[in-house]
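Beneath this line is the structure, given in structure tokens, with notes to follow.
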Amino acid sequence: MGERERSVKYTTVSIPVTLYNRIKRLIEGTGFTSVSQYVTYVLREVVAAHEESLREEPFTDEDKERILEKLRRLGYL
């Protein structure tokens with residue numbers, strides 16, 4: 001365990017035993033050494049993707065301008 005891993009505090013999260021067993025089978029033969037390690041990895045990825053999607057605007061300024069121009073040409077603006 002690296003220095004960083006030793007300094008991190010942990011908490012317990014409960015998951016159904018059936019899910020735990022599925023994950024345990026899933027990680028056999030991989031680099032993951034425990035279900036907790038795999039679940040932590042997956043949750044970090046999911047949370048990071050969600051945070052990124054919250055930061056992104058659905059349309060760029062160029063997209064907005066193209067939409068406005070189309071609306072103008074159609075007579076809506």
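Here, each number is a calculation from the coordinates, and none is a lab measurement. Predicted, not measured: the structure shown is a model, and the values here were computed from it. Don't worry about glycine lacking a Cβ; one is built from the backbone with ideal geometry, like all the others, and counts go over all protein chains shown.
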Exercise for the section: Compute the FRET efficiency between Y20 and V47 as 1/(1 + (r/R0)^6), taking r as their Cβ-Cβ distance and R0 = 22 Å, and round to the nearest 0.05. Expected result: 0.60
Fill in the blank from the handout: When the charge dipole of the chain is computed with +1 on Lys and Arg Cβ and -1 on Asp and Glu Cβ about the Cα centre, the Cα farthest towards its positive end, among S34, V46, P16, belongs to P16
Completion exercise
Rh_Kirkwood(the chain) over Cα pairs, Å, one decimal, evaluates to 16.9 Å
